[in-house]
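This report concerns only the one structure given below.
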Amino acid sequence: MPVTKLPDVHHGDHDGGSTVNCNTLPWLPLAPKIWIRLVKLQPETGVHTVIIRAEPGGVLPPHRHIEAAEIYVLKGTGDHPQTGHFTEGDFVSESKGAVHDPLVFTVETEMLMTSQGPSVFLDEQGNDLYRMDVPMLQGLAQSVA
């Protein structure tokens, strides 16, 4: 089975860092009208960085952060039920253990998110549906290859 190419990482001299050309990464479906690009996955720690793109009418399902996440808003605007209004250039910090209601997007929005570990998407009754973690993201990349 072909595998979706993960980020093309360019390492500097003597492993002083790396660069990823995010414009070459495929958009992978996460939820209806919600897409992600896998920027960096660290299986050994569970930390992952993604770019999230939401189309108008997209809904990020309710979820619980098992670990903290940080988001930088690249484009768009919205109203997060728990963290408040956000717009381009804002930095959003989501705490370990935080539970978030569905987030409905009314305009095209892009955000860079680094999560320190998994999040769990929830059904309407608050029951676990699935985890977004490094293995899930790796499987998502392979499933659309």
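Just a few scattered comments:
- Subset of the range 37-63 [touching a Lys or Arg at 6+ places or on another chain (Cβ under 9 Å) and farther than 16 Å from residue 104 by Cα]: 37, 47, 48, 49, 50, 51
- Residue count for the range 32-77, restricted to those that are part of a loop (DSSP other than H, G, I, E, B) and polar (S, T, N, Q): 2.
- Entry remark, the range 78-104: residues being part of a loop (DSSP other than H, G, I, E, B), in contact with an Asp or Glu (Cβ under 6 Å, 6 or more places away or on another chain) and either in contact (Cβ under 8 Å) with a residue 24 or more places away in the chain or under 17 Å from residue 55 (Cβ atoms) (or both) number 1 in total.
- The listed residues are 138, 125, 142, and the only one of them that is farther than 17 Å from residue 58 by Cβ, surrounded by 12 or more Cβ atoms within 10 Å (Cβ to Cβ) and over 16 Å from the mean Cα position of the chain (by Cα) turns out to be 142.
- Every condition in (1) small (Gly, Ala, Ser); (2) closer than 17 Å to residue 39 by Cβ; (3) touching a His at 6+ places or on another chain (Cβ under 9 Å) is met by residue 97 except one, and the failing one is (2).
- When residues of the range 68-82 are limited to those that are closer than 22 Å to residue 123 by Cβ and over 13 Å from the mean Cα position of the chain (by Cα), the one surrounded by the most Cβ atoms within 10 Å (Cβ to Cβ): 80
- Candidates in the range 105-120 are the residues that are small (Gly, Ala, Ser) and outside any loop (DSSP other than H, G, I, E, B); of these, the one that is farthest from the chain's Cα centre (by Cα) is 119.
- Failed item in (1) modelled with pLDDT under 60; (2) loosely packed, with under 10 Cβ neighbours inside 10 Å, with residue 16 passing the rest: (1)
- Qualifying residue in the range 134-145 (condition: small (Gly, Ala, Ser) and touching a Pro at 6+ places or on another chain (Cβ under 6 Å)): yes
- Residue within the range 32-44 that is closer than 28 Å to residue 127 by Cβ and among the polar types (S, T, N, Q) present: no
The values are calculated or read from the model by the stated rules, or taken from the named source; none is laboratory data. Keep in mind it's a predicted model, so treat the numbers as computed, not measured. No Cβ is skipped: glycine too gets one built from the backbone with ideal geometry, and neighbour counts run over all protein chains shown.
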